[in-house]
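All of the numbers you see were taken from the coordinates with simple rules; none came from a lab. Only a predicted model underlies this, so the values are computations on that prediction, with no experimental measurement involved. Quick reminder, even Gly has a Cβ in these numbers, built from the backbone with ideal geometry, and neighbours come from all protein chains shown.
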Amino acid sequence: QDTLKISLIKNVSFRMIHVKKIMFCTIARRALSMAARDPLLFTPGPLTTSMTTKQAMLHDFGSRDASFITVVERVRERLLKIAGVKSSEFTCVLMQGSGTFGVEGVLTTVVPKTAGKLLIASNGAYGMRMAKIADVYGIEKVLISKPENCTYTDTDIQEALAAHPEVTTVALVHSETTSGILNPVEKIGKTVRNAGKTFIVDAMSSFGGIPISMANIDFLVSSSNKCLEGVPGFSFTIARRDLLEASSCNSRTLSLDLHAQNAGLDRNGQFRFTPPTHAILAMDQALDELDSEGGVAKRYIRYKNLQKILTDGYEALGFVPYVKKENQGPIITTFLFPDHLNWDFTTFYQLLSDRGMLIYPGVVSTVDSFRVGNIGRLSEENMIELVEVTAAILKEMNISLKHPTARPPASHTPYKN
């Protein structure tokens, strides 16, 4: 009788394991099937990712387990390698949350509490976001502003520093995705270095997709879900070790303390608080794919080519870019709303969405415009298809931009997200 009970228990256990395996495989197949039907994301991130990057997340890791710690260490090392820096001089600090968490962590950790003053050079919404962070924490700041379609020069920064010699830290967005403009951070970095100031660069939408020299950058902040083509979940900062060490006990926050976060990662490879395990697994795979593509240099060429297909195609349809070609970055392009009686952005957006193509669903610029991104796992065929679908939508909306019908100014109410 005991033998029979043991046999039954074993049989039931085997069947339960078998059923669980079938359920897991079914769920996995369903997830992959849904992923195959995902829309194409023509956005500045989150963006379209590869199937293999998605598949990398179909595993569970213990956040304090040695196998996961190995992945964390590998990702940190690989990000330093992409930055082209030595681990003896720089460290890579992973931080849970969006890219803004990373920017907030750097600003609140690095700008000195005593006699610290931050110069923010803004030409878009993300420069202004840094200014808001400074205001929330009571960080003294000098804010200089330019129109969203105008880049900064080293002379601009030199003049601002001459007018405000008390400034200790300078912050600038590299690829300002409000408009798609690209600020010359390497030239500006030399000016900041010569002035003896600390230079913070928001490279959220450029690191991994545009070559960047770290020679004169002290802190570079980026994110997992932009040009590296991973998924949302964490930001990271490439930081000079000596300057980060000098920021010990300077942080104005607990969770976003960059120095404490790095100390924990260096000490035992662990996050201080719950890490985004699946996003880090996806990043490890995404970095494999960056290597396979040929590194940042090759990805930069692909992004530039995709942006050219987009711009040439949209200009042929009659759309007007907001940024001049010499200032345009290869990440995202802003087009002005057409001055046509039948134009309605909400309708245009929805018709694209109905066809499985998503652009950013709102205006972040101060001008009436919309943005189209070309980063992520997108191909030339995807960009050509977008242009062709857009042409069909304009026809459906009865809009000919080559012979526009001007709308009465009073009737125009731009869509705001």
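Each DSSP beta bridge with both residues in the chain is either parallel or antiparallel, and the antiparallel ones are about 50%. Projecting the Cα positions of L244, H164, V93 onto the charge dipole of the chain (unit charges on Cβ atoms of Lys, Arg, Asp and Glu, taken about the Cα centre) puts V93 furthest along the positive direction.
The slack between D135 and E293, meaning 0.36 nm per residue of separation minus the straight C-alpha distance, is 52.7 nm.
Over all projection directions, the Cα-based convex hull of the range 52-291 averages an area of 11.9 nm².
May I ask you to work out the translational diffusion coefficient for the range 295-411 at 37 °C, viscosity 0.692 mPa s, via Stokes-Einstein with Rh from the Kirkwood sum over Cα pairs, reported in whole µm²/s?
Numbers: Rh = 14.9 Å.
Answer from the Stokes-Einstein relation: 221 µm²/s.
With 0.36 nm allotted per residue and the present C-alpha distance subtracted, the R74-L143 stretch has 21.0 nm of extension available. Highest mean packing first, where packing is the average number of other Cβ atoms within 10 Å per residue, the peptides 211-220, 99-108 line up as 99-108, 211-220. Protection proxy ranking of 275-281, 382-388, 91-97, by the mean of other Cβ atoms within 10 Å over each peptide's residues and highest first, is 91-97, 275-281, 382-388.
Of the listed values [x] 176; [y] 207; [z] 240, identify the label whose number matches volume of the Cα convex hull per residue in Å³ calculated from this model. The value computed from this structure is option [x].
With a 10 Å radius around each residue's Cβ, average the other Cβ atoms per peptide and rank 249-256, 301-308, highest first. Mind showing how you got there, number by number?
Working: 249-256: 15.2, 301-308: 18.2.
Top to bottom by mean Cβ count within 10 Å: 301-308, 249-256.
Placing +1 on each Lys and Arg Cβ and -1 on each Asp and Glu Cβ, with no other charges, gives the chain a dipole about its Cα centre of roughly 960 debye. Using the Cα centre of the range 59-169 as origin and beta-carbon charges of +1 (Lys, Arg) and -1 (Asp, Glu), tell me which of S145, G84, A121 is placed farthest towards the positive end of the dipole. Going by the charge dipole, the pick is G84. Each residue of the range 354-361 is assigned a 3J(HN,Hα), and the resulting list reads 4, 9, x, 10, 10, 10, 5, x Hz, derived from the Karplus form 6.51 cos²θ - 1.76 cosθ + 1.60 (θ = phi - 60°), x at Gly and Pro.
Listed values for the range 376-390 are Karplus-derived 3J(HN,Hα) couplings in whole Hz (6.51 cos²θ - 1.76 cosθ + 1.60, θ = phi - 60°), namely x, 7, 10, 10, 4, 4, 5, 5, 4, 4, 4, 4, 5, 5, 4, and x replaces Gly and Pro.
Please compute the length gained on full extension between Q350 and D65, using 0.36 nm multiplied by the number of residues separating them and subtracting their Cα-Cα distance. Before the final figure, lay out each step's value.
On the way: separation 285, 0.36 × 285 = 102.60 nm, distance 4.49 nm.
Computed gain between Q350 and D65 is 98.1 nm.
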